[in-house]
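Below: one structure, written as C-alpha cells.
The values are calculated or read from the model by the stated rules, or taken from the named source; none is laboratory data. The structure displayed is predicted, hence computed values, not measured ones. Here the Cβ positions follow ideal geometry from the backbone for every residue, glycine too, while neighbour counts run over all protein chains shown. Quick note on the areas: whole protein, heavy atoms, side chains included, nothing else; ligands and nucleic acids left out. Shrake-Rupley method; radii C 1.70, N 1.55, O 1.52, S 1.80 Å.
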Amino acid sequence: MQVADIISGVVGPDVPVRVIGYDGSKAGPDSSEMALRITSPRALARLATAPGTLGLARAYVEGEIEVEGDVYELLDAMADLTLNDSITRADQLRLAQRLLPIWLRHRRPPPDLEFRPPGRLHSKARDRKVISHHYDVSNRFYEWVLGPSMAYTCAVYPTDTATLEEAQAAKHELVAQKLGLEPGMRLLDVGCGWGGMVMHAAAEHGVKALGVTLSRNQAEWAQAEITRRGLGGLAEVRHLDYRDAPESEFDAISSIGLTEHIGKAQLPNYFSSLYARLRPGGRLLNHCITQPRTPTKRRLDPFIARYVFPDGQLEPVGHLVSVMNDVGFEIRHEENLREHYASTLAGWGANLEAHWDEAVAEVGIGRARVWRLYMAACRLGFDRDNIQLHQVLGVKLLDQGRSGFPLRGW
C-alpha cells in the first residue's frame, strides 16, 4: 500500500492538501500550496499505535513529517476532516493491521518531550512538576515568543490594528479597572507568570502587589525585572504555590490563566481559598480558558495533554460561575474574549517564526516544533469556537449585602 494512501486513510479520502510520501506516492490536489511530506517510515510506525492527532504530532515533532506552507493554514484546511481519533474502532484496527509490518521494522518510543507526570493528580508535588515542565524551559525562549511584555495569557485588542504589546497592556489595564485598583490597595496575583500584572498594578495604580508562581524561572525573571524598573517598594513575586500564599486580607485578587491547571474537583477549594484571602468588598477577577459547552468527554487533545499542559482541565464558564457563586462571590460581570486569544496566538506564532533559528538553538528543534504546532492548533480552536476565554468578576459582599459597586461601570 502506498504511503499517500495510508495517510489518506488517517486524515480522510478528501484531504484538501497535497500528501507526498517518501516512496514518491501522492494524494490530494496538486494545486494546493500546502503539503504534508512524509519523510520516514517511522511516521507510519507511529500511526500504527496512535492513528489520530497524537501519532501525527509525534511524527511532526520528530521531523518524520514536514509541513510545506503555514502550519495554521494547513490545520485550518484540514479542520473539517474526521481524523482517526473519532472513526470506529474497527477501522482503526484495520489500519493498524496494514501498518503492522512497518511498525515491526521502524517502531520508536514516544519522543522524549512527551511528559506524563508522576504522583497524585493535583498534589502540590505533581503540580510543581507539571508547571516546571512547561514554564521552566528558557526565559530567553519565552522572551522571543511572548515579546517584551512577557505576558503568557490572552491579550485584549482595543483595535484590529493594535500591536501585541499594546493589547497586553490593555489586558492588564482592563483587569485593573474591573478590580477597581487604587493607590494603597493590596493585590494578590495567583499564577502570576513573569509578573506583568503585578508590575502594571504597582507602576500604573500605586498598588502594593504580590505575585506567586510555581515556576522558579518565572519568579527569578520577575524579581530581576521588578528591581530593574525600580518597583521593589510595591511589587514582589515569590516562587510559591497559591495554596501557600499569605492569608491576610487583600483588597483584590487576579487569577489570570491559572484555573486551567486546578482541576474540576479542586475548584471549590480553590475559589474558597481566594474568597478567604479577600477583605469584605474585595474583588476577584478570574481569567481562564474554558470549554464552549459542557463536554461529553473529559480529556484534552492528547497532543496538548502530553506535550504542552499535562493535567490541564477546562470547564464551561457556567460551571465556573456556579462554583464561584456557591463559595460566596456575587458575580458582577462576565465576558468572552476568544477572538482576542486567537489574535494573541497569531502574534506569538509570528514572534516564534521571526526568531526560529535562535529558538531552535536555545531549546532544540523538537520543542520549537511543539510550540509551532501547539500555538497554531490553539489559535484554530479559538477561531472555530472549540475553546473560549472568559473573564468573570466576583465580589465578596460587605455587610447587609452591599457590593460597593457603582450603579454603572465597574
Handout entry: Test result for residue 334, farther than 14 Å from residue 290 by Cα, acidic (Asp, Glu) and at pLDDT 95 or above
Key = no
Practice task
Could you grab me the full set of residues in segment 135-145 that are assigned to a helix (DSSP H, G or I) and open to solvent by 10 Å² or more (accessible area, probe 1.4 Å)?
Solution key: 135, 139, 140, 143, 144
Handout entry: Where residue 247 falls short, out of the listed (1) in a helix (DSSP H, G or I); (2) open to solvent by 60 Å² or more (accessible area, probe 1.4 Å)
Key = (1)
Exercise for the section: Select from segment 146-174 the residues that are in a helix (DSSP H, G or I), in contact with a helix residue (DSSP H, G or I) (Cβ under 8 Å, 6 or more places away or on another chain) and surrounded by fewer than 21 Cβ atoms within 10 Å (Cβ to Cβ) and list them in ascending order. Expected result: 169, 173
Exercise for the section: Being open to solvent by 10 Å² or more (accessible area, probe 1.4 Å) and at pLDDT below 95 narrows it down to one of 401, 409, so name that one. Expected result: 409
Problem - Subset tally (residues that are without any contact (Cβ under 8 Å) to a residue 40 or more places away in the chain and open to solvent by less than 70 Å² (accessible area, probe 1.4 Å)) for segment 226-235 - result: 6
Problem - Residue, farthest from residue 395 (Cα to Cα), within segment 175-190, restricted to residues that are open to solvent by 10 Å² or more (accessible area, probe 1.4 Å) and in contact with an Asp or Glu (Cβ under 9 Å, 6 or more places away or on another chain) - result: 184
Completion exercise
Matching residues in segment 365-396 (open to solvent by less than 20 Å² (accessible area, probe 1.4 Å), among the β-branched types (Val, Ile, Thr) and assigned to a helix (DSSP H, G or I)) number 1
Handout entry: Checking residue 45 against (1) part of a strand (DSSP E or B); (2) within 16 Å of residue 5 (Cα to Cα); (3) touching a Phe, Trp or Tyr at 6+ places or on another chain (Cβ under 8 Å), the condition it does not meet
Key = (1)
Problem - So residue 120, is it open to solvent by 40 Å² or more (accessible area, probe 1.4 Å), basic (Lys, Arg) and either at pLDDT 95 or above or over 20 Å from the mean Cα position of the chain (by Cα) (or both) - result: yes
Exercise for the section: Could you list, in sequence order, all residues of segment 70-81 that are at pLDDT 95 or above and assigned to a loop (DSSP other than H, G, I, E, B)? Expected result: 70
Practice task
Evaluate the following for residue 334: is it within 17 Å of residue 142 (Cβ to Cβ) and either among the acidic types (Asp, Glu) or surrounded by fewer than 22 Cβ atoms within 10 Å (Cβ to Cβ) (or both)?
Solution key: no
Problem - Count of segment 152-190 residues which are under 17 Å from residue 257 (Cβ atoms) and modelled with pLDDT under 95 - result: 0
Completion exercise
Within segment 200-220, the count of residues that are buried (at least 24 other Cβ atoms within 10 Å of the Cβ), of a type outside the set (Gly, Ala, Ser) and in a helix (DSSP H, G or I) comes to 2
